[in-house]
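What follows is a single structure, written as structure tokens, with notes after it.
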Amino acid sequence: MVEVHNCPDKALSDGAQSLYPEQFEKMMRDIDVLAPVIGKSVSHRTFNTEKAGKTQSHSGESLAFDYTSPLAEYVNTHSPVVCAYSGGNGAYAEQAIQHYFGKTVTPLAEHNFRGVMDAVISGRASLGMLPIENSLAGSVYENYDNLARYEDIEVVGTFTMRIEHSLLSVKGSSPDKITAVYSHPQGLAQCSDFLAGYPDWERIETDSTSSAAQMVAESGDKSRAAIASGATAPIYHLEILKSGIESNPRNYTRFVIIARTGEIVASAPNTASVIFSTANEPGSLYRVLGLFAKYGLNLTKLESRPVPGEPWQYRFYANLTLPEGVGSSVVAAERIRSAIAEMKDKNRAGNSILDVRVLGLYSVKE
């Protein structure tokens, strides 16, 4: 139990052991960072915010992020908010929405990742939750390409969630009866060590792990199994034959929250996602990386992808952030925006950088 008071000296009791609100916020951010490391998650039950002199109370599970952020402000002022995801009931992306937003948004199932993008652009959904990277299987390249393709979409936040896979099948089945296993390519890759013990099983890729569970349930075939979340078992009336089959228990997926460009603007972002291409000449990438160093930015992600329709041409995806403890959020925002402005200047001048586009300016607590 933690005591919090905005003026401990005037507290009616336990003032000496109370934390100031900003100290409590710092503690909760530290816990949010620590929780995934030990396989836990933080559940935020209630919160209050002051808006235009009126207190808003939210009951039940609520936002699992800083509720003073522009993203949370958007959710609070645009209710009801719909967040699209790829998959069916029980999909990991749906679970990510529930963990991140609680019950403050309504999940909308789409058949694939592109459907999520289309739902946001068309207005059927205000937000989208897309997996972008997994700690075991690596980047979800399709979504990197989607972010580059859809210029009316931008990243407004991120969320990291632990992923625990289970082997599911119909009642009466067992591993020795299985001949085919269904899952999303990422699910199959994340369970490669487990699957290596069953080399004769046919691997069948699906659009999502939840759709794999649904297909197995509808087949009624004891020789088929799905790799999916154990949470989907009761939804599709399946049995868990084995849980925790991912190759490493420290299996995390990083999701990005997307919105229409300009819909949610971060006043003091500490992270930027950008894509750029460089001239095909010695040292061009080196000079771009030197630009990041010039502004004291930490390069936390650098990925190259081929440019469609341009053989042997590549674009780079980069995540930039200010190292923790270097400065305030205002300092981070100034440095990030200055670095991007200089990148655009170099692009216009034809100096090393051929193209640059900002995928998102946002704040993360990690």
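The values are calculated or read from the model by the stated rules, or taken from the named source; none is laboratory data. The structure displayed is predicted, hence computed values, not measured ones. No Cβ is skipped: glycine too gets one built from the backbone with ideal geometry, and neighbour counts run over all protein chains shown.
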- Message: If Thr106 meets every condition in (1) within 12 Å of the chain's Cα centre (by Cα); (2) not in a helix (DSSP H, G or I) apart from one, which number is that one?
- Response: (1)
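Where residues in region 133-148 are touching a residue at least 60 places away in the same chain (Cβ under 8 Å) and among the charged types (D, E, K, R), which of them is farthest from Gly230 (Cα to Cα)? Reasoning before the result, please.
First pass over region 133-148, keeping only residues touching a residue at least 60 places away in the same chain (Cβ under 8 Å): 133-136, 139, 141, 143-145, 147-148.
Filter once more, so that each one left must be among the charged types (D, E, K, R): 133, 145.
Details: Glu133: 21, Asp145: 30 Å.
Only one residue tops the list, namely Asp145.
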- Pro131 meets each of (1) surrounded by 22 or more Cβ atoms within 10 Å (Cβ to Cβ); (2) of a type outside the set (A, V, I, L, M, F, W, C); (3) in contact with a Gly (Cβ under 9 Å, 6 or more places away or on another chain) with one exception, condition (3)
- Answer yes or no as to whether Ile235 is among the hydrophobic types (A, V, I, L, M, F, W, C), under 29 Å from His165 (Cα atoms) and surrounded by fewer than 18 Cβ atoms within 10 Å (Cβ to Cβ). yes
- Query: assigned to a strand (DSSP E or B) and in contact with a helix residue (DSSP H, G or I) (Cβ under 9 Å, 6 or more places away or on another chain), is that true of Gly187?
  - Reply: no
- Among the residues of region 109-135, the number that are among the small types (Gly, Ala, Ser) and either in a strand (DSSP E or B) or on the phi > 0 side of the Ramachandran plot (or both) is 3
- Complete set of residues in region 321-366 that are modelled with pLDDT under 75, of a type in the set (Val, Ile, Thr) and not in a loop (DSSP other than H, G, I, E, B): Val330, Ile353
- What is the number of the single condition among (1) within 13 Å of Pro269 (Cα to Cα); (2) among the small types (Gly, Ala, Ser); (3) modelled with pLDDT of 90 or more that Ala318 does not meet? (1)
- Of the residues that sit in region 105-120 and are surrounded by 20 or more Cβ atoms within 10 Å (Cβ to Cβ) and more than 21 Å from Thr206 (Cα to Cα), which one is modelled with the lowest pLDDT? Val105
- Task: May I ask you to list the residues in region 136-159 that are assigned to a strand (DSSP E or B) and either not hydroxyl-bearing (Ser, Thr, Tyr) or not assigned by TED's automatic domain parsing to the domain that holds Ile31 (or both)?
- Result: Gly138, Ile153, Glu154, Val155, Val156, Gly157, Phe159
- Considering only helices (runs of 4 or more DSSP H) fully contained in region 192-253, which possess at least 3 residues that are within 20 Å of Tyr85 (Cβ to Cβ)? 209-219, 232-235
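Could you look through region 242-270, keep only residues that are of a type in the set (A, V, I, L, M, F, W, C) and buried (at least 20 other Cβ atoms within 10 Å of the Cβ), and pick out the one that is nearest to Tyr198 (Cα to Cα)?
Only one residue fits best here, namely Phe255.
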- Message: Please count how many residues of region 197-214 are over 14 Å from Pro185 (Cβ atoms) and surrounded by 17 or more Cβ atoms within 10 Å (Cβ to Cβ).
- Response: 3
- Query: Wholly within region 1-101, which strands (runs of 3 or more DSSP E) include no fewer than the required count, namely at least 1 residues that are at pLDDT 85 or above?
  - Reply: 81-86
- How many residues are in a strand (DSSP E or B) and of a type in the set (A, V, I, L, M, F, W, C) if we restrict to region 254-293? 9
- Item | Filter result (in contact (Cβ under 8 Å) with a residue 60 or more places away in the chain, among the hydroxyl-bearing types (Ser, Thr, Tyr) and crowded, with 20+ Cβ neighbours inside 10 Å) within region 161-186 | Ser166, Ser169, Ser173
